[in-house]
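What follows is a set of notes on a single structure, which appears directly below.
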Amino acid sequence: MNDSSVRDAAFRRRFLLAAGAWTVLVTAVLVAVPLWFRDRLPDPLAAHWGPSGDPDGTMPFTVFVCVALLWVVLAGACLVAAAGGRAVNRRAARRWITAGLGWGAAFILGLQILTIGANLDRRRWEDAASLGWQAAIVIAVAFLAGWLGWLAGRPGPDERPAAAEVAPPALVLSPGKRPVWVSSVSSPVAMGLALAALAAAVSLAVCALFGLPAELWIGAGVFAVVGLAGLWLSSVRVKVSPEGLTVSYGPLRWPSRSVPLAKLDRAWTERRAPADVGGWGYRGLPGQSTIMIRGGECLVVRYTSGGELGISVDDAAQGAALLNALVASGAASRE
């Protein structure tokens, strides 16, 4: 085993030990704090607050203590992701793990603190203090903790995926013909979730129309935005032609982005996983972007400026071969 492998193995052990210790510490706090204030809390506790800010739902004290299990499940998923494969040694994957541990701990602890504070020294759950704007602070602090976790995951090794770029087969263009390559890929899961969100938006809107609380319009709007965004981000279509490279988004193929051949250097294929690029969706880093709809074979193009764009799409080798042939043909015609 070389020195680099020894350092990576040592870093992996330290990372898993630190993540495990963080999980145990947060779990202990989530259990110990409610037990510490047990004699000063009603049973059941107020655990839900309506739009007016007044409590309108309860939770037995025992169940409230067991909410710590939510954290255990979330942290356990992060630890499983860290322990499996080479995620710890890849900076992008590692940062998502630490961000999840930071965000989850802050969010669950924040909700617990709000709930205990509202119920503290109250005889009945109906007497609990009103809550409203405090929830926004919890969410903001959770995202701040997630960002700090993201920064905490930066130090350490950044192992590149084992799969190197694969040169596409050589392609000879036939004179007088206009070659075109088109391929697309979609995510059934993302599309299903988007349609579910749109269905929820319609349901809430119908309920609001029939006289239920007007606040349902807010939920309908949120679900509608989430659903439309999900549909837009759930599929991508790639076209290679003598005009260049065109990438279109969503079922309506709009918006689309076109790059002329003169700005393209070459293309190849790579096998990439979401953990290699920081997750699903549209991932952007300085000089390197990836449209990750599904893991596996990706078409990767390099611009003449040096930047790269990777797209998870089917039949990527043929697209790369045609793009290289068109780029070479264009360069020859300009000489």
Inset, instruction - Once every Cα of the range 212-257 carries one equal point scatterer and solvent is ignored, give the base-10 log of I(q)/I(0) from the Debye formula at q = 0.16, 0.20, 0.26, 0.34 Å⁻¹, two decimals. - result: -0.55, -0.68, -0.86, -1.09
Inset, instruction - Apply the Kirkwood formula to the chain: the hydrodynamic radius equals the inverse of the mean of 1/r over all pairs of different alpha-carbon atoms; give it in Å with one decimal. - result: 23.8 Å
Inset, instruction - Specify the residue with the greatest mean-square fluctuation among F15, F107, F210, computed from a Gaussian network of the chain linking alpha-carbon atoms under 10 Å apart. - result: F210
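Dipole magnitude of the chain about its Cα centre, charges +1 at Lys/Arg Cβ and -1 at Asp/Glu Cβ only, in debye to the nearest 20?
900 debye
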Inset, instruction - Enter the accessible area of L309 (Å², nearest 10), with the probe set to 1.4 Å and all protein chains included. - result: 10 Å²
Inset, instruction - Could you do me a favour and compute the accessible area per residue for the chain, 1.4 Å probe, result in Å²? - result: 55 Å²
Legend entry - the chain: relative contact order in percent, alpha carbon pairs under 8 Å with at least 6 residues between: 15 percent
Legend entry - Binned Cα-Cα distances of the range 41-101, short to long, each 5 Å bin given as a whole percent: 4, 16, 17, 12, 11, 10, 11, 9, 8, 2
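Can you tell me the dipole magnitude for the range 199-281 around its Cα centre, using point charges on the Cβ only (Lys, Arg +1; Asp, Glu -1), in Debye to the nearest 20? Walk me through the numbers before you get to the answer.
Working: 8 positive and 5 negative charges, 75 e Å.
Dipole size: approximately 360 debye.
The values are calculated or read from the model by the stated rules, or taken from the named source; none is laboratory data. What you are looking at is a predicted structure, and each value in this text was computed from that prediction instead of being measured. A quick note on method: Cβ atoms are made from the backbone with ideal geometry, for glycine too, and the neighbour counts reach across all protein chains shown. Surface areas here come from the heavy atoms of the whole protein model, side chains and all, with no ligands, DNA or RNA. Shrake-Rupley method; radii C 1.70, N 1.55, O 1.52, S 1.80 Å.
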